[in-house]
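Throughout, read-outs are computed from the coordinates displayed, never taken from laboratory work. Every value quoted in this text rests on a predicted model; they were computed, and no experiment measured them. Please note: Cβ atoms are built from the backbone with ideal geometry, for glycine as well, and neighbour counts cover all protein chains shown.
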Amino acid sequence: MPKTNVLSKLQIANGWARRVVLERKNLHSLFSSCFRTMPDRSYSSSSSSSKVEAIYDLCKLTFTPSGIPYPSSNAINSLCSLLDTVGPADVGLKEESSDDDRGLGFFGLHRSSRIARWAQPITYIDIYECESFTMCIFCFPTSAVIPLHDHPGMTVFSKLLYGSLHVKAYDWVEPACIQEAKGNGYPSVRLAKLSVDKVLTAPCDTSVLYSNRGGNLHCFTAVTPCAVLDILAPPYREDAGRKCTYYHDYPYSILATGNEARLGNSKVEDYAWLAELGVPDNLYMREGVYSGPVIHDY
């Protein structure tokens, strides 16, 4: 399979070519002038003992192209322990000051002002990718959002490098509970249970999601300027059944299903109906340049 980064795969899988703005020309200049999280030069590009390369080495030993067998709990704990020690400088970034951020706050100028709220792009930085895993960074200005999406058959590690990030995540209820569409304009929905709904502030522990637990479907909203180091294992790959799909969540109460008994002692507020979306609107993402320690591939 040709080497392509996560951003390119997301475009291919979801037909983003028309809507996601990817600025490829003179990327280094764009990264310097338009995005204020700048490279840190404290690491030599020839470093052979960086944390990034230690993460790479551990991922090489842990993950497979198919995701089978699933990584052991010991391997996951070892990778989390290593990721917990990583800061912005370890990947060539400096923490962005909220005073310099041009974002519009957690809810923007107005909750209904989506254009204003999404005015500043998210910067995607590709560190390394192979058939078994992807290492990448997402840099968010204040109020930027990656909408609710899934990670089919994947294990994903997310390390918040700096700033504050609101995470809302669900897992599918099993066995599947699906309400079919009841006419035009009424999408089919599937029941999911809330797994995470909180604000993370760096420094904090690494988050891990799995194929069927841990909040496999999640949404990120930047409360302040922030950056997330992600490891996706294995990467998105549509021909292997790992297509990225986006969803909208509706309160459980909007549908009277008669299945409330299956919720047990859980609160109704912990459940939602998820409807699959097409191409997300107003998602503005561009590619940045990785300036951290070099990975010596083998």
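Annotations for the structure displayed:
- Here's how it looks for SER195: its modeled amide H is under 5 Å from those of ALA169, TYR170, ASP171, which are all 5 or more places away or on a different chain.
- The loop-placed chymotrypsin sites (Phe, Trp or Tyr not before Pro) in the stretch 157-190, going by DSSP, include none that has at most 11 neighbouring Cβ atoms within 10 Å of its Cβ.
- Packing-based ranking of 283-289, 76-82 yields 283-289, 76-82, ordered from highest to lowest mean Cβ neighbour count within 10 Å.
- Sites ASP197 and LYS94 - FRET efficiency at Förster radius 41 Å, r taken between beta-carbons, to 0.05: 0.85
- Under-5 Å amide H pairs with ALA227, H placed in peptide plane, nonlocal only: PHE140, LEU161, TYR162
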